Structures are given as structure tokens and as C-alpha cells.
């Protein structure tokens, strides 16, 4: 992971030397020397990443590696960009800041002193490498290692669909038969429940039942909703109705909660429907829903999945309860063969028998849990030889013997965590980034790619001929899917879109892994008051921050001290309700101090002030000159003319904003802007009562 951060710093400084070289005159040689120092550390980290003992030995210095990389990149970029803006006659505030140092020459001197200080820290750091220090002086090994990693990443795989599962006898047939039968007990809703531990295949089984041909002919409507732990009554009603009556989307989105309940009840009285409640955690969610589902002998029916047997018993005390079991050794091996592409990868291999023995030994660590087997298969899919399979076996054994705990305890979770360690270095930060999004949410990949690119997680040297950076990001995500670490959904055939994929999502256990590793790597801090899931208070520097706040939290939440946030590169903030004034003012008054932000997403906020004398809180955005990606969703989005200062901005996303959205005539100044998303209502003629868009 530290390797990926250093790679970003090396690439960023290298590009700045080329594109902003004239603004580095006088310190250009010092910048190049710093660049070379970082490349040597990068070479060492890639070597250590392939050697378990080396990786363990340097772990204590990883925070220092990370700090040096961020400081070096921020230092050079900030200096070059501010001089670039001031030389163009704009950004008066920046000009004053540089002038207040005394003279521009002193600013260069100051930069030189800070670079020398960083180089001294790097020199002292490398003295601790001990027996591995000789790697720093090698000139060829780093490049060859890099090439092999690139080849591994660029290898094309055909995506394996969900059909690659082990069919447990009669599971689908029994559930389908129950859902087609009539309810014998009066005054009860017909419910079929699938329950079992996380990762055992509940959702996979429910999906196969949901798409069964006999049910398609029996029911007139179908709705699949993931409830999870963050459900809200209105949202739950909306999502079910949107699946049952998508043609009524406008009315559904405008309706109040009691109106939605009435609409849903009426639709279920008139139509026989199947509703799947996936990942139900609490009885409260069912209590909210049950009163709107009419009871009849041949009416609508419920299929639910849950980890909690008590929830299943509460929802359907007289229904059908289906407990999933773990796989047998034979079933585990069958699944591993499918997921590792055993037949095609092992064709003609003389060591096939030995590889099979190793595979079965590794399965002992999976405990018959399908998710663990699938992830192990994803690891082995990229390994073609007995030597590579043996390395995986030895590394997993060593990893388990150390007793390392990632997220929840147990060998199964450690097997999942090993899948992270086996990732190419480019993919590690991209995978951990997925933990920023809500549990059980469908993550739109287009905005995800742009955030990856904005944070420097997608590398220029991974581009093939005629590929865009979005194409490279999509290959990264597909690689994660091939390794069975993330589920992906493609657009329907023929639908025009920027990307081939539409969305992705994480299994709960994989998200737990994301959050645990992100905390360990200090990649970002998560404060989620909607689920009471907060990272513990941090004392070291922070590089990413995610806030999900309730209204009462926003008025009293303060960002960490400046010393901890001076290198913060991404800030995502989402409010539970955007109806109230001053919430956006409160957040933006603190964001203005995050000078090195590259990605800023402020979602579901009212940006209006209670006082007409106060300027728009977004007036501070023009000071965030390092921004690459800016996403705003809310009311009264009034962008300032200083938006034109954002020289590096590539994505401006206002797609979900309300009617009062104003953009000044400065977009032509944004030379690197590639993706502009206007509010959906902007696209066609509007009713007279709606304010006309201003651009």
C-alpha cells in the first residue's frame, strides 16, 4: 500500500517537472534529486512486497514512507501551481501570499530548504533497511519487477458469471415450491426465509430463486431491495415501489411516507408480487413494512435473507425457514475448480496432481464457507504453475501462523485478508477506497473512476494505445471482480454509456476487510453517525476523511487539527437531511482550510444561508486549487467566479442538485475539465414556476 502512495508521488512529481518546469527554475535540480530518492524507496518497497520477511521487517517504517511521499508531492505541486496561477495574472489572493514571503526568490530558497530536509529524512530512513539495503542501489530489479506487475495487471480474463456456484441439493426447488403454494394459515403473510452466517451464499441462492422461470409466470411483479442496517422507512417504500412501478418514478419520489405506504398497499392488493428483502438485520424493519402487505391465500409473498435466525422466526413464524449449511470438502473443491479456472489453467500441466493436493490443503482454511472458497479461487486464477500455487500455500500458512487478525477473528477472515495482500500494488488503494461507500450500496462506477483518478490511484503508465484513464480504471475494477473481491454489474446491451460497467458492490465481509485495512494503512478516517460506526480518534496525519452526519452532529462536529489534515487529499461529507439552513455553511467554513484537497464531495446539503448578507459558502471552493474532482448535491448550489482558478479540475458533478443551481461563465478557464454533469432537470423544458438555469 505504501508502494502505491509512493508511486503516486513519483508520477506526480515527474509530471510536474515536465508540465510546470518553468516554474521550478532555480530548484529544478533539487526536485529531480528528490524524485530519484523516492524512486529508490519505491523500488525497495516493490521488492519487499514480494518477500514476506522483508515486508514484515519494514512495516514499522511504513507511516514514515507515507508521510514523506505525501509531503514531497504536496510541496512541489503547491509551489509550482501557485506560481503558475500568479504568473497568469489571476488569483490575487495567491499573489499576495507569495508576495508576503518577501520576494519570489525567497520562496524558491524556502522550497529548497524543505526539499533538503525531506532528503535528509529519506537518507536516515534508508539506514534502517539493514540486510535489505542493497536493493536500494540496484538499477534493474525495480524496473523488471514493475514490468512483471504490469503484465499481471494487464492480462485479459473473461468474466465468470454467477453460474459458477455449487448447487446444494434441492435448495432452489424447495424454495420455489413453497413460494408457489397457497397459504393455509389465515391472517399471516407468506414468508420464506434463508438464514445463515455471512458469506455462506444466502444472496446467491435468493438470486437464483428470484430469477426462476416458474416464478416469472406466477407473479405479476417483482421487487428486490437490500435492507441492511441503515434502512429508513420512506426509502424502503420508495425502492420497492420503484421496482414494481418504475413508470411512476416522478410521483413516487415526490410522495410522503404515508402516501408511499398507501400506494404500495394498493398495488399489492391488485397484483400478486414477489418481494425479496435481502440482508435483513432487525425486526424493526419488518414491523415498518408488514402493515402495508395485504394478507390473502394466493397474494404477494416475501423472500428474505438474514444472518439472524431470530429475525427469520419473527418475520415468518409459520413460514418456511431454510438454513444454509457450509460446503463439504468435495463441494468446496468443486467450487474452487470453477473459480480458479482449474481446467483451462491446468490443461497439459504435469504437476496437476500436486496442485490439486495443494488446493485441497488450502481449502482447510476456508471452513466450507463459499465466500472464502470463491476468494481463494480468485487468488489462484492468476497462478499458472505449481511454483506459484506453492507460494500461495506457504504465504497463507505463514500468514495464519502469525495469528494476524483483520476485522473479525477467525481463519476464514484471514483467508479473505490474504486476497488483499495478493493484489498487484496498483489495486490495493482502489480496493480499500470502496469501503468509503455505504454498506450494501450499489456504487456507481463512473463517479468511482473519477474519484480514483482524482486521487492519483490510476497510473498513466498503465495506459494502452488509445485508452483513456477511465478505461484503465475500468480494467482495475474488472481485475478486482476477476479476483472475486467485488461484484460488478454491466449496463444492458445497447445502452449508451461512458463505461461498460454500471455499478459495483461489496459483500459485508469484504467491506469489513476494506475498513480494517484502510484503518491499518491510515488511508482514510470514517465517521458514520447514521450507524454509530466511527474510526477511533487519530493522532497521526490523515489523508482521507468520510463523514456521514445527522443534523444535530453537523452543528458541533469539528474537523481534526490542522497538523493532522494539512495533507488531506479527499473529503466526502453526506448529511441525513438537506432541508435545513446553515448546514452547508458550517461544513464549508471548515473545508476552506483543507488546501491540498484533490477530491471533494459534499452531498445532501442546503448551501443557502439564513442571512441574505452572507455570501454563498461555496465561495471558498476557488481556493482549493488542487481539486481534480468536485461533486456537489443539494440545494442553492451557487458556484463562485473563483471556480475558474481550479486549473487541475477534471470532473464537475452537479447531477443530483436541486433547482437553484448557478454556474458562472468560467468553465472555459478549466483547461483540464473532462467530465461535466449538470442537474437532470437542466436537460429539457421546465415549468414556468421553476427558476431558469443560469450558466
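The values are calculated or read from the model by the stated rules, or taken from the named source; none is laboratory data. The shown structure was predicted, so the numbers you read here are calculated from the model rather than taken from an experiment. Every residue, glycine among them, receives a Cβ derived from its backbone with ideal geometry; neighbour counts consider all protein chains shown.
It is to be established whether one or more residues within segment 241-258 are touching a residue at least 12 places away in the same chain (Cβ under 8 Å), under 18 Å from residue 284 (Cα atoms) and in contact with a helix residue (DSSP H, G or I) (Cβ under 6 Å, 6 or more places away or on another chain).
Taking every residue of segment 241-258 in turn, at least one turns out to be touching a residue at least 12 places away in the same chain (Cβ under 8 Å), under 18 Å from residue 284 (Cα atoms) and in contact with a helix residue (DSSP H, G or I) (Cβ under 6 Å, 6 or more places away or on another chain).
Of the residues 549, 572, 568, 545, only one is surrounded by 13 or more Cβ atoms within 10 Å (Cβ to Cβ), modelled with pLDDT of 70 or more and over 24 Å from residue 625 (Cβ atoms); which?
Among 549, 572, 568, 545, only 549 is surrounded by 13 or more Cβ atoms within 10 Å (Cβ to Cβ), modelled with pLDDT of 70 or more and over 24 Å from residue 625 (Cβ atoms).
Taking the condition loosely packed, with under 15 Cβ neighbours inside 10 Å and either modelled with pLDDT of 90 or more or farther than 21 Å from residue 200 by Cβ (or both), does residue 383 pass?
When the stated conditions are applied, residue 383 does not pass them.
Quick one: in segment 444-470, of everything that is touching a strand residue (DSSP E or B) at 6+ places or on another chain (Cβ under 8 Å) and surrounded by fewer than 19 Cβ atoms within 10 Å (Cβ to Cβ), which residue is farthest from residue 506 (Cα to Cα)?
The selected residue is 447.
Search segment 451-483 for residues being assigned to a helix (DSSP H, G or I) and out of contact with any helix residue (DSSP H, G or I) (no Cβ under 8 Å at 6 or more places or on another chain), and hand back the single one that is nearest to residue 602 (Cα to Cα).
Step by step, filter segment 451-483, then rank; the result is 454.
So which helices (runs of 4 or more DSSP H) stay within segment 183-271 end to end and still have 2 or more residues that are modelled with pLDDT of 90 or more and either closer than 26 Å to residue 171 by Cβ or in contact with a strand residue (DSSP E or B) (Cβ under 6 Å, 6 or more places away or on another chain) (or both)?
202-210, 213-218, 233-244
When the residues of segment 316-325 are narrowed to those that are crowded, with 19+ Cβ neighbours inside 10 Å and modelled with pLDDT under 90, which ends up farthest from residue 172 (Cα to Cα)?
316
Taking segment 322-336 only, how many residues are under 34 Å from the mean Cα position of the chain (by Cα) and not in a loop (DSSP other than H, G, I, E, B)?
9
Among the residues of segment 627-649, count how many are surrounded by fewer than 21 Cβ atoms within 10 Å (Cβ to Cβ) and assigned to a loop (DSSP other than H, G, I, E, B).
3
Could you say whether any residue in segment 667-676 is modelled with pLDDT under 90, touching a strand residue (DSSP E or B) at 6+ places or on another chain (Cβ under 7 Å) and surrounded by fewer than 22 Cβ atoms within 10 Å (Cβ to Cβ)?
no
From 242, 280, 303, 268, grab the single residue that is over 20 Å from residue 194 (Cα atoms), crowded, with 20+ Cβ neighbours inside 10 Å and outside the structural domain of residue 528 (by TED's automatic domain parsing).
268
Which of the residues belonging to segment 610-626 are part of a loop (DSSP other than H, G, I, E, B) and either crowded, with 18+ Cβ neighbours inside 10 Å or modelled with pLDDT of 85 or more (or both)?
Within segment 610-626, 616, 624, 625, 626 meet the criteria.
Restricting attention to segment 216-240, report how many residues are more than 26 Å from residue 179 (Cα to Cα) and touching a helix residue (DSSP H, G or I) at 6+ places or on another chain (Cβ under 7 Å).
Within segment 216-240, residues that are more than 26 Å from residue 179 (Cα to Cα) and touching a helix residue (DSSP H, G or I) at 6+ places or on another chain (Cβ under 7 Å) number 1.
Could you tell me whether any residue of segment 349-364 is within 17 Å of residue 197 (Cβ to Cβ), surrounded by fewer than 20 Cβ atoms within 10 Å (Cβ to Cβ) and modelled with pLDDT of 85 or more?
There is no residue in segment 349-364 that is within 17 Å of residue 197 (Cβ to Cβ), surrounded by fewer than 20 Cβ atoms within 10 Å (Cβ to Cβ) and modelled with pLDDT of 85 or more.
Would you please name the residue that is modelled with the lowest pLDDT, looking only at residues in segment 677-692 that are surrounded by 10 or more Cβ atoms within 10 Å (Cβ to Cβ) and over 25 Å from residue 624 (Cα atoms)?
Selected residue: 690.
Within segment 424-439, is even one residue touching a residue at least 40 places away in the same chain (Cβ under 8 Å), over 26 Å from residue 567 (Cα atoms) and surrounded by 17 or more Cβ atoms within 10 Å (Cβ to Cβ)?
For segment 424-439, residues touching a residue at least 40 places away in the same chain (Cβ under 8 Å), over 26 Å from residue 567 (Cα atoms) and surrounded by 17 or more Cβ atoms within 10 Å (Cβ to Cβ): present.
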